[in-house]
Amino acid sequence: MLRKNLLASLCASVLITATVPVLAASTQTMKSEEGTLEVTPIVTGLEHPWALAFLPDRKGMLVTERPGNLRLVTADGKLSAPLNGVPTVWAKGQGGLLDVALSPDFRQDRMVYLSYAEGGGEGNKAGTAVGRGRLSDDMTALKDFQVILRQEPKLSVGNHFGSRLVFDRDGYLFVTLGENNDRPTAQDLDKLQGKVVRIYPDGTVPKDNPFVGQANVRPQIWSYGQRNPQGAALNPWNGTLWENEHGPQGGDEINIIERGKNYGWPLATHGINYSGQPIPEAKGDTAEGTVAPNHVWEKSPGLSGMAFYDADRFKAWQRNVFIGALVSQELIRLEFEGDKVIHEERLLGELKKRIRDVRQGPDGYLYVLTDEENGGLYKVGLK
Ligand SMILES: [Ca+2]
């Protein structure tokens, strides 16, 4: 009888704890080329998490959830209530709250940058927007949130918003912007669809941007011909901006982004339409005046967040690049000779989850988000 009661109360406590996100302690091990992987869930119960940003001084990290919540995960794995002061997002299809990045001067200004899908277009369409707010001292709210960039006109009915936020070494903010599934816009310089833009942290335009002063051209544009860039990171060894983007059916790409260049979409692509037909505008997998991808996958893994590994903790991973894959449900590890990919390994397939983002933590572990209704944050290292 006693035993039965104990069992019942145990079951009850399990039921209660299972309804709130909790610290999960069970580490899984998986084989990999560089040794045994240790994969530890830090938080579960996240709703379609999209991005994370580490706070300084091991204060934890900010995590976005696509339906519109920004939460704090403390260093010991506690998940906060949604922060106040986050803008209303257009959470449909691929839209919602997307990337999060801290100001390079975060210790002084406490500015948090968000990218997200914003509604309000004609016919209930949406576009990507970027804004910033000051993280309150008690870390429960963003104060005085202001929009600093928006795609206008808004053309998306639910697809291809991008977007990633990357500060370079000089403090310029780069934003990758999807073409809203409206292919020709990626070549239209009077629109911000299908572009990488470069702005000051307050949204104003640097005078040395490549198209400043030209008629009917958006001066924020840094490069064009992008499709749906859902990954980007600054190369820590030389300061260049790397971006990855989804091809259509086939043709996911890594690009090294240079000032004023045309990255080809939809004139040049290794992919075809989902219908099996060629992309109507495509001239082939190359086109004159466009930059070929640095690396291309003929079969699309569904690329998302990207991280360069430059920590000391795991020597075997140094100078590698990691990219989350949504469709193939893996973490891609790439080895390089210079800028050229010479080897690829697929990790975390055992999880069977869409990998949305990967970042290197201050402790040298990788932190990975899974894009699921019950998504998780995992810490990944080598044994
Ligand atoms: Ca391209």
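Bear in mind that the values in this text are calculations on the coordinates, not laboratory data. Remember, it's a predicted structure, so these values are computed and weren't measured experimentally. Every residue, glycine among them, receives a Cβ derived from its backbone with ideal geometry; neighbour counts consider all protein chains shown.
With +1 on each Lys and Arg Cβ and -1 on each Asp and Glu Cβ, how big is the dipole of the range 299-367 about its Cα centre, in debye rounded to the nearest 20? Walk me through the intermediate numbers first.
Values: 12 positive and 11 negative charges, 62 e Å.
Result for the range 299-367 is approximately 300 debye, rounded to the nearest 20.
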Requested in this report: Sum -39500 (n - 2.57) across every DSSP H segment of at least 4 residues in the chain, then divide by the residue count to get the 222 nm mean residue ellipticity, nearest 500.
Outcome: -1500 deg cm²/dmol
**Report entry** Choice from Asn320, Asn228, Asn255 with maximal GNM fluctuation in the chain (Cα, 10 Å cutoff)
**Finding:** Asn320
Query raised in the report: Using a Gaussian network model of the chain with C-alpha springs under 10 Å, which one of Asp144, Asp371, Asp252 is most mobile by mean-square fluctuation?
Result: Asp144
**Report entry** Inter-label distance for Asn235 and Arg169, nm, one decimal - labels placed 7 Å from Cα along Cα-to-Cβ
**Finding:** 1.2 nm
Query - Neighbour-limited loop hits for GluC sites (Glu not before Pro), the range 274-383 (at most 13 other Cβ within 10 Å; DSSP other than H, G, I, E, B) - result: Glu288, Glu298, Glu373
Requested in this report: For the chain, build the charge dipole from Cβ charges (+1 Lys, Arg; -1 Asp, Glu) around the Cα centre, then report which of Val212, Leu52, Ser136 sits farthest towards its positive end.
Outcome: Ser136
Query raised in the report: Assigning unit charges at the beta carbon (Lys, Arg +1; Asp, Glu -1) and nothing else, what dipole magnitude in debye, to the nearest 20, does the range 24-382 show about its Cα centre?
Result: 480 debye
Query raised in the report: Which value in nm describes the separation of the simple spin-label points at Val341 and Ala215, placed 7 Å from the Cα toward the beta carbon?
Result: 4.3 nm
Report summary line: Out of Tyr200, Tyr263, Leu303 - ranked by how far each Cα lies towards the positive end of the dipole of the range 195-344, with unit charges on the beta-carbon of charged residues - the top one is Tyr200
Report summary line: The helix 2-19 Cα axis meets the longest alpha-carbon principal axis of the chain at an angle in degrees, between 0 and 90 and rounded to 10, of 20 degrees
**Report entry** the chain: most fluctuating residue of Met306, Met30, Met111 per GNM, C-alpha cutoff 10 Å
**Finding:** Met30
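If r is the Cβ-Cβ distance from Lys31 to Gln249 and R0 is 35 Å, what FRET efficiency results, to the nearest 0.05? All intermediate terms of the calculation are to be shown ahead of the outcome.
On the way: r = 31 Å, r/R0 = 0.89.
FRET efficiency, Lys31 to Gln249: 0.70.
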